[in-house]
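The structure under discussion appears below in the form of structure tokens.
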Amino acid sequence: MTIFALGINHKTAPVSLREQVAFAPEQILDALRDLTTTTQVSDAVILSTCNRTELYFSGSAEQSKQVIDWLSKFHQLDLAELQHHLYLHQDQQASSHLMRVACGLDSLVLGEPQILGQVKQAYSHSRQAGTINPAFERLFQKTFSVAKQVRTETDIGASAVSVAFAAVSLARQIFGQLGKVKVLLIGAGETIELVAKHLLEQGAEKITVANRSYDKAAALASQFNGEAVSLAQVPQALANADVVISSTASTLPIVGKGMVEQALKKRRHKPMFFVDLAVPRDIEEQVSELEDAYLYTVDDLQSIVLQNLQNRQEAAAEAEQMILQGVNEFNSWLSLHGQLDVVRDYRDKGEAIRDELLAKAGKQIAAGQDPEKVLAELATKLSNRLMHAPTKALRQLLQDEQPQQQSLINTLLDL
């Protein structure tokens, strides 16, 4: 059995192609069954996320070509164009790739944690579809074990490596739990949307979104039961905000020193935490001069991100060693599993020979032949057929004249 990992990801293909190769959740079960029926591969797991689509399967080299052909036909894509962006790993490289993916080492953001849950979901779909067998069962369980070890024994996911995540992490360090903290987000673009996502993950519940377009602010706020205000309402909203995070495309500051002074007076100088992720700045630099106002810029966060990225890279080196050990352990199990199959096949073959000769002997006796002669013939034929292949193999081993082999042969033959 050869294990394959076939895929396309953010490193090998643009998002326009990745979108076409992706599998919708409701397609997965039917796709798995169609894949195994069409190509006759013995195992199949489909992992499909926004940054990658990967197929893990076991079979022959010829079947791997069939799987590529199946993938292009399933999504109605040009085969030559698709092949240009695909990668194909096999055996040790395939199992290593799976473990690196599950640990977040192959992600767009190094160490991101969501991918492990997505791998587990892909495994669950395969079990539901009945396209996973004992060897793949063992491979994925070993993968989950290694991923858990990496998460618990390294700092791969401990540090923020995006300015959006760094902003929220810094707020959490200052305020502790964010459940009761009032947050004002200024802007409604991708960065603020990502900030909002991280805030929700950290337990924030009281979020207000301000934007030049009220409709965009309302659309984003509706995703987390927040409130929306226009930019004109920011001075009033400031007085209620413990945390202010801003990222707009404005060419002029939106929040000035005087505006913050008025907000602090209304708050009776209860501290405010500001994060300005915009370039040019949304918040006047002079805000940092005010007591009880703490301002961080994108440059401040970039230095944190760079240091954290270095920390993650060091943790990734530790993780690679854990993955290597996991791959070796799986390969050892796979080798032993294969040896057990050889023993089982040999026993099955021996029993088949026995049953064949026994049935023939029974017919001879029933036909009136001398039972003693029939039994003697049965014993001779049985011993000859059972000993022929092992005797031939033993002669070849004995020609090598290796002491270790001689000792093993003596043990096997009980000499």
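Structure summary
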{"read-out": "Some residue of the range 329-344 being surrounded by 10 or more Cβ atoms within 10 Å (Cβ to Cβ), in contact with a Ser or Thr (Cβ under 7 Å, 6 or more places away or on another chain) and either within 30 Å of residue 146 (Cα to Cα) or modelled with pLDDT of 90 or more (or both)", "value": "yes"}
{"read-out": "Residue in the range 373-385 that is open to solvent by less than 80 Å² (accessible area, probe 1.4 Å), modelled with pLDDT of 75 or more and within 30 Å of residue 151 (Cα to Cα) present", "value": "no"}
{"read-out": "Residue under evaluation residue 219, criteria (1) open to solvent by 10 Å² or more (accessible area, probe 1.4 Å); (2) closer than 23 Å to residue 176 by Cβ; (3) of a type outside the set (S, T, N, Q), criterion not met", "value": "(2)"}
{"read-out": "The listed residue being of a type outside the set (A, V, I, L, M, F, W, C) and more than 26 Å from residue 116 (Cβ to Cβ), out of 49, 2, 37, 53", "value": "37"}
{"read-out": "Residues located in the range 107-136, provided they are touching a strand residue (DSSP E or B) at 6+ places or on another chain (Cβ under 6 Å) and among the small types (Gly, Ala, Ser)", "value": "122, 126"}
{"read-out": "Count of the range 133-180 residues which are under 17 Å from the mean Cα position of the chain (by Cα) and closer than 26 Å to residue 28 by Cα", "value": "13"}
{"read-out": "When residues of the range 347-361 are limited to those that are of a type in the set (Lys, Arg) and farther than 13 Å from residue 377 by Cα, the one most open to solvent (accessible area, probe 1.4 Å)", "value": "347"}
{"read-out": "Any hit, the range 184-193, residues being out of contact with any Leu (no Cβ under 8 Å at 6 or more places or on another chain), among the hydroxyl-bearing types (Ser, Thr, Tyr) and open to solvent by 30 Å² or more (accessible area, probe 1.4 Å)", "value": "no"}
{"read-out": "Those residues of the range 253-271 which are open to solvent by 50 Å² or more (accessible area, probe 1.4 Å) and under 13 Å from residue 285 (Cβ atoms), in sequence order", "value": "253, 257"}
{"read-out": "Residue selected from the range 272-300 under the condition of a type in the set (S, T, N, Q) and farther than 21 Å from residue 199 by Cα, by the criterion most open to solvent (accessible area, probe 1.4 Å)", "value": "286"}
{"read-out": "Tabulated pairs, the range 25-39, first on the phi < 0 side of the Ramachandran plot and assigned to a helix (DSSP H, G or I), second surrounded by 14 or more Cβ atoms within 10 Å (Cβ to Cβ) and among the aromatic types (Phe, Trp, Tyr), C-beta under 7 angstrom, 6+ apart or interchain", "value": "31/23; 31/74; 35/70; 38/70; 39/70"}
{"read-out": "Yes/no for residue 121 being touching a residue at least 40 places away in the same chain (Cβ under 8 Å), part of a helix (DSSP H, G or I), over 11 Å from residue 56 (Cβ atoms) and open to solvent by 30 Å² or more (accessible area, probe 1.4 Å)", "value": "no"}
{"read-out": "Index of the failed condition, residue 262 passing every other in (1) more than 22 Å from residue 177 (Cα to Cα); (2) part of a loop (DSSP other than H, G, I, E, B)", "value": "(2)"}
{"read-out": "Checklist (1) modelled with pLDDT of 95 or more; (2) on the phi < 0 side of the Ramachandran plot applied to residue 76, failing item", "value": "(2)"}
{"read-out": "Within the range 197-215, considering residues that are at pLDDT 95 or above and assigned to a helix (DSSP H, G or I), the one farthest from the chain's Cα centre (by Cα)", "value": "214"}
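Condition check ((1) closer than 22 Å to residue 323 by Cα; (2) touching a Lys or Arg at 6+ places or on another chain (Cβ under 8 Å); (3) at pLDDT 95 or above) across all residues:
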| position | (1), (2), (3) |
| --- | --- |
| 35 | no, no, yes |
| 40 | no, no, no |
| 66 | no, no, yes |
| 69 | no, no, yes |
| 85 | no, no, yes |
| 88 | yes, no, yes |
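The values are calculated or read from the model by the stated rules, or taken from the named source; none is laboratory data. All figures in this text were calculated on a predicted structure; none of them were measured in a lab. Virtual Cβ from ideal backbone geometry, glycine too; neighbours counted across all protein chains shown. For accessibility, only protein heavy atoms count, side chains too; no ligands or nucleic acids. Shrake-Rupley method; radii C 1.70, N 1.55, O 1.52, S 1.80 Å.
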